[in-house]
Amino acid sequence: MTFRFYSILHGKAQGENMTRNDKVGLVLEGGAMRGLFSAGVLDVLMENDLYPDGLIGVSAGAVFGCNLKSRQKGRVLRYNLRFCRDPRYCSWRSLLLTGDLFGKKFCYHTLPNELDPFDKETFDSSPLEFYLVCTDVETGDPVYRKCTKADEECYEWMRASSSMPLVSRPVPIGGAKYLDGAISDAIPLKFFREKCFYSRNIVILTQPASYRKRPQKGMSLLSLLLHNYPKIVEKLRTRHLAYNEAVSCAEELARKGSVLLIRPESTLPAGRLCREPELLQKTYDLGRLQGEKFLPQIRKFLGK
């Protein structure tokens, strides 16, 4: 796998001169609305004043996980319950009119700036390092971004990280175009360990232990619809192999003690595009239950 690591401040490759230490990281996979499970775990962490040294999120893991750095417990659940049925937030109408299932203006401007304000000052001043993953549509490679300032560019990187193929337009940033980070690195544990030197990591997944990803269905149609992006098509064709390998790696490291693996005990009530408030609430509640169940282990892992 090719690592491309950019600093949001300088836009240059980083990481080669970093020194190893015993930093504790938090790795969040995506899953769209399944990410309410992760949000439940994160709220338990915040309520108990438990914070890792850094966080890397993919797709919903980035969009929801940023609230750990801004220390806004409850915000993810609050705005999802409030707006899940709002066509400006997520709707087929939005897809038809704008090319994006999740409305760009509403989700990444109106909501965080006006309706449920994102605490930019706390995000900017927090020592917690925040990274996200996108996929370069031309190369198919993962691109890792360190976000230190909650500005409009940061929001665009978050949007890119969660822009699912077919229901989102590629997001142009700095001369390149990006889509969902889960296409190329759904569980970026290897990157966090090898390039950012997080030797111990809490990994939160949104699928149960029995889950293994199957080959992508409808590849012939996907190849046709995404013919302008052959590298994305190839990544989708082999994504199940990379995902299952990443899960196996996390499980092996958990057995060795350098990973604390937290995931649901069964399939979550909310699917990727769920718009039912009661199912979103149940998914969040299951995350809280797992967070509380693992609380002693989390404290020990963080040395608290």
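The strands (runs of 3 or more DSSP E) found wholly in segment 135-249 and carrying at least 1 residues that are closer than 19 Å to Leu101 by Cα occupy 171-173, 176-180. Residues that are part of a helix (DSSP H, G or I) and hydroxyl-bearing (Ser, Thr, Tyr) within segment 264-304 comprise Thr283, Tyr284, listed in sequence order.
One residue stands out among those in segment 251-263 that are outside any helix (DSSP H, G or I) and farther than 17 Å from Leu28 by Cβ: the one that is farthest from the chain's Cα centre (by Cα), which is Gly257. The set of residues from segment 216-250 being exposed (fewer than 14 other Cβ atoms within 10 Å of the Cβ) and under 21 Å from the mean Cα position of the chain (by Cα) comprises Thr238, Leu241, Glu245, Ser248. Among the residues making up segment 255-269, those that are within 20 Å of Arg34 (Cβ to Cβ) and open to solvent by 30 Å² or more (accessible area, probe 1.4 Å) are Arg263, Glu265, Ser266, Thr267, Pro269. Suppose the filter is of a type outside the set (Asp, Glu), in contact with a helix residue (DSSP H, G or I) (Cβ under 8 Å, 6 or more places away or on another chain), surrounded by fewer than 17 Cβ atoms within 10 Å (Cβ to Cβ) and modelled with pLDDT of 95 or more; does Pro188 pass it? Criteria not met by Pro188.
Do we find a residue being open to solvent by 10 Å² or more (accessible area, probe 1.4 Å), in a helix (DSSP H, G or I), under 22 Å from Glu29 (Cβ atoms) and free of Cβ contacts under 8 Å to residues at least 40 places away in the same chain anywhere in segment 80-94? No, segment 80-94 contains no residue that is open to solvent by 10 Å² or more (accessible area, probe 1.4 Å), in a helix (DSSP H, G or I), under 22 Å from Glu29 (Cβ atoms) and free of Cβ contacts under 8 Å to residues at least 40 places away in the same chain.
Of the residues that sit in segment 27-78 and are of a type in the set (S, T, N, Q) and under 16 Å from the mean Cα position of the chain (by Cα), which one is farthest from Cys274 (Cα to Cα)? Among those that are of a type in the set (S, T, N, Q) and under 16 Å from the mean Cα position of the chain (by Cα), it is Ser70.
Here's the yes/no breakdown for (1) touching a strand residue (DSSP E or B) at 6+ places or on another chain (Cβ under 9 Å); (2) modelled with pLDDT of 95 or more; (3) among the hydroxyl-bearing types (Ser, Thr, Tyr); (4) buried (at least 23 other Cβ atoms within 10 Å of the Cβ):
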{"position": "Leu28", "(1), (2), (3), (4)": "yes, yes, no, yes"}
{"position": "Val41", "(1), (2), (3), (4)": "yes, yes, no, yes"}
{"position": "Gly57", "(1), (2), (3), (4)": "yes, yes, no, yes"}
{"position": "Arg71", "(1), (2), (3), (4)": "no, yes, no, no"}
{"position": "Thr110", "(1), (2), (3), (4)": "no, yes, yes, no"}
{"position": "Phe118", "(1), (2), (3), (4)": "no, yes, no, no"}
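Counting the residues of segment 267-279 that are closer than 17 Å to Ser59 by Cα and out of contact with any Ser or Thr (no Cβ under 7 Å at 6 or more places or on another chain) gives 4.
The values are calculated or read from the model by the stated rules, or taken from the named source; none is laboratory data. This structure is a prediction, so every number in the text was calculated from the model and none was measured. Don't worry about glycine lacking a Cβ; one is built from the backbone with ideal geometry, like all the others, and counts go over all protein chains shown. All accessible areas refer to the heavy atoms of the entire protein, side chains included, with ligands and DNA or RNA removed. Shrake-Rupley method; radii C 1.70, N 1.55, O 1.52, S 1.80 Å.
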